[in-house]
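A.B. asks: This is the structure I want to talk about, given as structure tokens.
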Amino acid sequence: MRRLLALLVTLLPLALPALADEPKPPTLTATGEGSAYAVPDIAVVTIGVVSNGRTAQAALSANSNDMAAVIASIRAAGIEDKDIGTSGFNVNPVYPPEHAQNASEPAKIVGYRVGNDVRVTIRDFAKAGGVLDRVVAAGANEVNGISFELSDRAGPADQALKAAVAEATRKAGVMADAAGLKLVRLINLTTEESRPVPFGPMPMAMAKAAVPIMAGQQEITANVTGVWEIAPK
């Protein structure tokens, strides 16, 4: 037994270089993209109140009163507190127009402006237009960054991913066949799913009675990169 162990210890260093130098099999890389479409059922919008006053306290008081009325109108529309969150707050001095300033003197503060924004998630899409009607009537004077989301992305995301894998596999097969090769096995597969791009600011001219909100379709895309081992046919 000792002689056998000694022999194995002697031969092991000789075997390791051979294993390390074993050539890697040739590979082929292909990418694929897949898409799926779904109708969004959630609207997310940023609603703001901007107030001006001669003093910071006056602007803040007016803003707080208007924002309290706006939040009350959002709640009255059936939106839960968990879906209402402050997304921005600022207090800034207001200076006179440039042409009214004396170039030889520092600009004087003529008032203050306070802005307060809340991000509202409207999970019942049918309420979106009515919510905007309510908040504008309650005192909101900014509506920005409306976007649309899906409550369940798994279904369409899976469809897009399957289509992307199928496309990558098809392309790999075409390339291998054209080169007189065959696909042996899939070695590696990576994926990347895209996120929808939110819509830009909604002009206040749209914020009138019976605001029409149309989400349309949302495209979800997935991209995959596959690496296959190949061999001659």
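The values are calculated or read from the model by the stated rules, or taken from the named source; none is laboratory data. The structure presented is a predicted model; accordingly, all values stated were derived computationally and were not measured. Cβ placement follows ideal geometry from the backbone for every residue including glycine, while neighbour counts extend to all protein chains displayed.
A.B. asks: Right, GLU167: under 30 Å from VAL211 (Cα atoms) and of a type outside the set (A, V, I, L, M) or not? Talk me through it step by step, then tell me what you get.
C.D. replies: On the way: under 30 Å from VAL211 (Cα atoms): no; of a type outside the set (A, V, I, L, M): yes.
For GLU167, the condition - under 30 Å from VAL211 (Cα atoms) and of a type outside the set (A, V, I, L, M) - is not met.
A.B. asks: Return the residue satisfying two criteria in turn: it lies in the stretch 52-73 and is in contact with a Lys or Arg (Cβ under 7 Å, 6 or more places away or on another chain) and crowded, with 17+ Cβ neighbours inside 10 Å, and of such residues it is nearest to VAL135 (Cα to Cα). Explain how you work it out, then say what you get.
C.D. replies: Residues of the stretch 52-73 that are in contact with a Lys or Arg (Cβ under 7 Å, 6 or more places away or on another chain), as a first pass: 52, 59, 73.
Going one step further and asking which of them are crowded, with 17+ Cβ neighbours inside 10 Å, we end up with 59, 73.
Details: ALA59: 19, SER73: 6 Å.
Ranking the candidates gives SER73 first.
A.B. asks: Of the conditions (1) surrounded by 17 or more Cβ atoms within 10 Å (Cβ to Cβ); (2) out of contact with any Asp or Glu (no Cβ under 7 Å at 6 or more places or on another chain), LEU150 fails just one. Which one is it?
C.D. replies: Unmet for LEU150, out of (1) surrounded by 17 or more Cβ atoms within 10 Å (Cβ to Cβ); (2) out of contact with any Asp or Glu (no Cβ under 7 Å at 6 or more places or on another chain): (2).
A.B. asks: Take the residues in the stretch 80-113 that are among the aliphatic types (A, V, I, L, M) and at pLDDT below 95; name whichever of them is farthest from VAL131 (Cα to Cα). Walk me through how you get there before you give the answer.
C.D. replies: In the first step, residues of the stretch 80-113 are kept if they are among the aliphatic types (A, V, I, L, M); the result is 84, 91, 94, 100, 103, 107, 109-110.
Filter again for at pLDDT below 95, leaving 94, 100, 103, 107, 109-110.
Working: VAL94: 31, ALA100: 41, ALA103: 47, ALA107: 41, ILE109: 36, VAL110: 35 Å.
Selected residue: ALA103.
A.B. asks: Right, something else. Output the residue which, of all residues in the stretch 39-56 that are small (Gly, Ala, Ser) and modelled with pLDDT of 95 or more, is nearest to ALA137 (Cα to Cα).
C.D. replies: Here the residue is GLY48.
A.B. asks: I would also like to ask the following. Against the definition (outside any loop (DSSP other than H, G, I, E, B), among the β-branched types (Val, Ile, Thr), modelled with pLDDT under 95 and touching a Leu at 6+ places or on another chain (Cβ under 8 Å)), how does THR225 come out, yes or no? Can you show your working first?
C.D. replies: Values: outside any loop (DSSP other than H, G, I, E, B): yes; among the β-branched types (Val, Ile, Thr): yes; modelled with pLDDT under 95: no; touching a Leu at 6+ places or on another chain (Cβ under 8 Å): yes.
Spelling it out, it is not the case that THR225 is outside any loop (DSSP other than H, G, I, E, B), among the β-branched types (Val, Ile, Thr), modelled with pLDDT under 95 and touching a Leu at 6+ places or on another chain (Cβ under 8 Å).
A.B. asks: Got at least one residue in the stretch 119-140 being surrounded by fewer than 18 Cβ atoms within 10 Å (Cβ to Cβ), among the basic types (Lys, Arg), assigned to a loop (DSSP other than H, G, I, E, B) and modelled with pLDDT of 90 or more?
C.D. replies: Checked the stretch 119-140: at least one residue is surrounded by fewer than 18 Cβ atoms within 10 Å (Cβ to Cβ), among the basic types (Lys, Arg), assigned to a loop (DSSP other than H, G, I, E, B) and modelled with pLDDT of 90 or more.
A.B. asks: Out of the residues in the stretch 74-94 that are assigned to a helix (DSSP H, G or I) and touching a residue at least 40 places away in the same chain (Cβ under 8 Å), state the one that is surrounded by the fewest Cβ atoms within 10 Å (Cβ to Cβ).
C.D. replies: To start, the set of residues in the stretch 74-94 that are assigned to a helix (DSSP H, G or I) comprises 74-76, 81-83.
Checking which are touching a residue at least 40 places away in the same chain (Cβ under 8 Å) leaves us with 74, 76, 83.
Numbers: ILE74: 23, ALA76: 11, ASP83: 15.
Within the stretch 74-94, the match that is surrounded by the fewest Cβ atoms within 10 Å (Cβ to Cβ) is ALA76.
A.B. asks: Can you find even one residue in the stretch 59-70 that is assigned to a strand (DSSP E or B) and not acidic (Asp, Glu)? Steps first, answer last, please.
C.D. replies: Going residue by residue through the stretch 59-70, those that are assigned to a strand (DSSP E or B) are none.
No - not one qualifying residue is present in the stretch 59-70.
A.B. asks: Just wondering, is there one or more residues in the stretch 117-127 that are among the acidic types (Asp, Glu) and in contact with a strand residue (DSSP E or B) (Cβ under 6 Å, 6 or more places away or on another chain)?
C.D. replies: Filtering the stretch 117-127 for residues among the acidic types (Asp, Glu) gives 117, 124.
If we keep only those that are in contact with a strand residue (DSSP E or B) (Cβ under 6 Å, 6 or more places away or on another chain) too, we end up with 117.
The answer is yes; a qualifying residue exists.
A.B. asks: Still on this structure, please answer the following. Take the residues in the stretch 192-210 that are within 25 Å of the chain's Cα centre (by Cα) and modelled with pLDDT of 50 or more; name whichever of them is farthest from GLY180 (Cα to Cα).
C.D. replies: Only one residue tops the list, namely PRO196.
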